[in-house]
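Asks: Got a structure here, written out as structure tokens. Questions coming.
The values are calculated or read from the model by the stated rules, or taken from the named source; none is laboratory data. If you're wondering where the values come from, they're calculated on a predicted model, not measured in any experiment. Reconstructed Cβ throughout: ideal geometry from the backbone, glycine too, with neighbour counts over all protein chains shown.
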Amino acid sequence: MKRYLFTLLCLCASAAVSAAGIDTLKVFSPKMQREIPTVVVTPDEAAVRRLPVVYLLHGYSGDELAWQRITDLRPLAEQFGVIFVCPDGENSWYWDSPINPSSQFETFVSQELPDWVDAHYPTLPSREGRAVAGLSMGGHGALWTAVRHKDRFGAVGSVSGGVDIRPFPDSWEMKAQLGEERENQARWDAHTVINAVDSLRDGELAIFVDCGYDDFFYGVNVALHEKLLRQGVGHDFLTRPGAHTGEYWGSSLPHQLLFFRSYFDRAGK
């Protein structure tokens, strides 16, 4: 009987330990004049103090639940003491499309969404308390957003990112956002991450780039890494065996969170 009571008490104690909560929301975009589905994962620690936020961007054909399907974000939120925000970026590539007024996701991710999150959750409402990361299309989106909005984000991560769109002009609906590449070369040149980093200077962003050896984006990621080296821009560049898969992306996220946690701790001092 005593042994049974001890086991029961242990089970009750385990059940009493709260897990991170998941909120499924719709956040209104003034620029697009519509609501955008968004998931927010909040750890218990948010009940007692303000926490940094990691914005996670999904890849092509994903949605606001894509990251949670890849890996359970709740224990990671608890372990690293961060709030996760996962918007539905549709197939936008996270640009403000010059030809599609209903697809203005650069403004949404860089301005509208952080302002809404800061108003409704216990965040650290500054660039020192914000990071943005993403996979594939979202890796492009994270770098595109952070490089162009360094006043809003202090750290950025990309895994399997499409960091140069130009080798793939007929893929992943990019021309629905930019027009045909052959007719809009200057526009495509201006909307690719590998050109956006031209203005980046060392120390302006904490940067983490990860891509597997067998990924079809491996070549453009190596090119980005080499360009940042030539510019003298410090960054972490991780390559491992692996391809463009959920398994790879899920295994990458803890590496990125360690990197972000180190940035948050340094920036908060």
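Asks: Starting from segment 237-265, take each residue that is on the phi > 0 side of the Ramachandran plot and list its partners that are in a helix (DSSP H, G or I) and surrounded by 14 or more Cβ atoms within 10 Å (Cβ to Cβ), counting only C-beta distances under 9 angstrom and pairs at least six apart or across chains.
Replies: GLY242/TYR248; GLY242/SER251; GLY242/SER252
Asks: Given the residues PRO30, PRO75, PRO52, PRO37, which is the only one that is modelled with pLDDT of 95 or more, within 16 Å of the chain's Cα centre (by Cα) and farther than 30 Å from ASP170 by Cα?
Replies: PRO52
Asks: On to the next question. Looking for something buried (at least 16 other Cβ atoms within 10 Å of the Cβ) and part of a helix (DSSP H, G or I) - is there at least one such residue anywhere in segment 241-248?
Replies: yes
Asks: Going by the conditions given, is VAL82 touching a Lys or Arg at 6+ places or on another chain (Cβ under 6 Å), touching a residue at least 60 places away in the same chain (Cβ under 8 Å) and at negative phi?
Replies: no
Asks: Under 8 Å between Cβ atoms, at least 6 apart or on separate chains: pull out the pairs that start in segment 194-211 with a residue that is under 17 Å from PRO167 (Cβ atoms) and end on any residue that is surrounded by fewer than 23 Cβ atoms within 10 Å (Cβ to Cβ) and of a type in the set (Phe, Trp, Tyr).
Replies: Final answer for the pair search is CYS211/TYR218.
Asks: May I ask you to say which residue of TRP67, TRP93 is farther than 16 Å from ARG130 by Cα, aromatic (Phe, Trp, Tyr), buried (at least 18 other Cβ atoms within 10 Å of the Cβ) and touching a Gly at 6+ places or on another chain (Cβ under 7 Å)?
Replies: The unique qualifying residue is TRP93.
Asks: Scan segment 180-193 and give yes if some residue there is touching a strand residue (DSSP E or B) at 6+ places or on another chain (Cβ under 9 Å) and either charged (D, E, K, R) or closer than 23 Å to ARG127 by Cβ (or both), otherwise no.
Replies: Yes; the residues of segment 180-193 include at least one that is touching a strand residue (DSSP E or B) at 6+ places or on another chain (Cβ under 9 Å) and either charged (D, E, K, R) or closer than 23 Å to ARG127 by Cβ (or both).
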